[in-house]
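Single-structure report; data block below.
The values are calculated or read from the model by the stated rules, or taken from the named source; none is laboratory data. These figures come from a predicted structure and were not determined experimentally. Neighbour counts run over all protein chains shown; Cβ positions are idealised from the backbone, glycine included. Note: accessible area is taken over every heavy atom of the protein model, side chains too, but ligands, DNA and RNA are not part of it. Shrake-Rupley method; radii C 1.70, N 1.55, O 1.52, S 1.80 Å.
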Amino acid sequence: MIDFVQSVPNWLDVSRETELRLRMLCEIVKKWTPAVNLIAKSTVNDIWDRHVLDSAQLFLYAPQDARRWLDLGSGAGFPGLVVAALSRQLRPDLTVTLVESDKRKSVFLAEAARAIDVSVTIVCARAETVSPVAADVVSARALTSLDGLCHLAAAHLKPAGLAIFPKGANSAAEIEAARKNWTFSLTSHPSKTDPAGSILLLTNIQSA
C-alpha cells in the first residue's frame with residue numbers, strides 16, 4: 001500500500017501522476033533496503049521528507065536550458081530517480097544519467113526506474129573512472145567531501161555547467177577545505193528539508 005500521509009509542499013508543484021511515481025519510489029526503496037542497505041534504517045519511516053523531498057528541491061535550481069543531468073553515487077536513486085520523475089513531467093528534454101559503482105544498487109536503480117516508468121541511463125562504475133560527459137548539471141548527495149566533489153564535477157561539467165550539492169551543518173568547513181585546492185563561484189541556499197543544511201551551487205570549478 002502506498003503511503004499518502006506525508007504531504008506535498010507548495011514548492012513541489014507536480015501532477016498526481018508524478019506524485020504517485022515518487023510515492024512508489026519510496027515503497028520500492030523500503031522493500032529493497034533490508035537486502036541492499038539503500039538508506040539508513042533510522043530514516044525509513046521518514047523517507048518522504050528525508051530523501052524524496054530533500055532530493056526534489058535540487059531540481060528547482062536546474063537551469064532552464066539544461067539538457068543533461070549527471071548524478072554521481074546515485075545509490076537509492078536520491079536525487080537521480082527523483083530528478084528523472086520530475087523531469088518526465090516538467091522537463092521532458094532533460095536526460096538523466098545515474099552513476100553507481102555498487103552492482104546491487106545499480107540493479108536496484110534499473111528495477112526502480114522501470115517500476116516508476118522513468119527513462120534514465122545507468123552507469124555501473126566509480127565516478128572517477130567514467131569518461132567526461134559534458135553535463136549541464138552534476139549532482140551528488142552524501143557521496144564525499146566538497147573537495148572530492150569538485151574534482152568529480154570539474155571533470156564532468158561542461159564549461160558553463162552547474163554543480164548542485166546538498167550539504168549539512170558542516171558545509172562552511174567543507175567550503176573552506178575545498179577552496180585550498182579549487183576555485184569556484186558559489187551560491188548557497190538554505191535547505192527546505194534540513195534546518196541545518198544548505199544547497200551549494202557551484203560554477204567555474206577549476207584547480208587552484
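Going through (1) open to solvent by 60 Å² or more (accessible area, probe 1.4 Å); (2) closer than 12 Å to LEU149 by Cβ; (3) β-branched (Val, Ile, Thr) one by one, ILE205 falls short only on (1). Out of curiosity, is GLU111 in contact with a strand residue (DSSP E or B) (Cβ under 8 Å, 6 or more places away or on another chain), among the acidic types (Asp, Glu), more than 19 Å from TYR61 (Cβ to Cβ) and at pLDDT 95 or above? Criteria not met by GLU111.
Flag not set for ASP71, criterion: modelled with pLDDT of 95 or more, open to solvent by 20 Å² or more (accessible area, probe 1.4 Å) and of a type in the set (Asp, Glu).
Going by the conditions given, is GLU128 surrounded by fewer than 16 Cβ atoms within 10 Å (Cβ to Cβ), touching a Leu at 6+ places or on another chain (Cβ under 8 Å), of a type in the set (D, E, K, R) and in a helix (DSSP H, G or I)? In short, yes. Confirm whether ALA169 is over 15 Å from the mean Cα position of the chain (by Cα) and in contact (Cβ under 8 Å) with a residue 40 or more places away in the chain. Judged against the criteria, ALA169 is not a match. Restricting the range 164-199 to residues that are closer than 20 Å to ASP71 by Cβ and assigned to a loop (DSSP other than H, G, I, E, B) leaves a set whose member that is most open to solvent (accessible area, probe 1.4 Å) is LYS192.
Please enumerate the residues belonging to the range 3-45 that are exposed (fewer than 11 other Cβ atoms within 10 Å of the Cβ), at pLDDT below 90 and touching a helix residue (DSSP H, G or I) at 6+ places or on another chain (Cβ under 8 Å). The answer is LYS41, and nothing else.
The number of residues in the range 79-124 being part of a helix (DSSP H, G or I) and among the charged types (D, E, K, R) comes to 6. Which of the residues belonging to the range 46-59 are open to solvent by less than 20 Å² (accessible area, probe 1.4 Å) and over 28 Å from GLY161 (Cα atoms)? Within the range 46-59, ILE47, TRP48 qualify. Check ALA62 against each of (1) open to solvent by less than 60 Å² (accessible area, probe 1.4 Å); (2) modelled with pLDDT under 95; (3) not hydroxyl-bearing (Ser, Thr, Tyr) and name the one condition it does not meet. Only one criterion in (1) open to solvent by less than 60 Å² (accessible area, probe 1.4 Å); (2) modelled with pLDDT under 95; (3) not hydroxyl-bearing (Ser, Thr, Tyr) is unmet by ALA62, namely (2). Against the condition surrounded by fewer than 24 Cβ atoms within 10 Å (Cβ to Cβ), part of a strand (DSSP E or B) and at pLDDT 95 or above, how does ASP136 come out, does it pass? So ASP136 passes the test. Going by the structure shown, is ASP65 among the acidic types (Asp, Glu), under 19 Å from ILE164 (Cβ atoms) and assigned to a loop (DSSP other than H, G, I, E, B)? Here the answer is yes, as ASP65 does meet what is asked.
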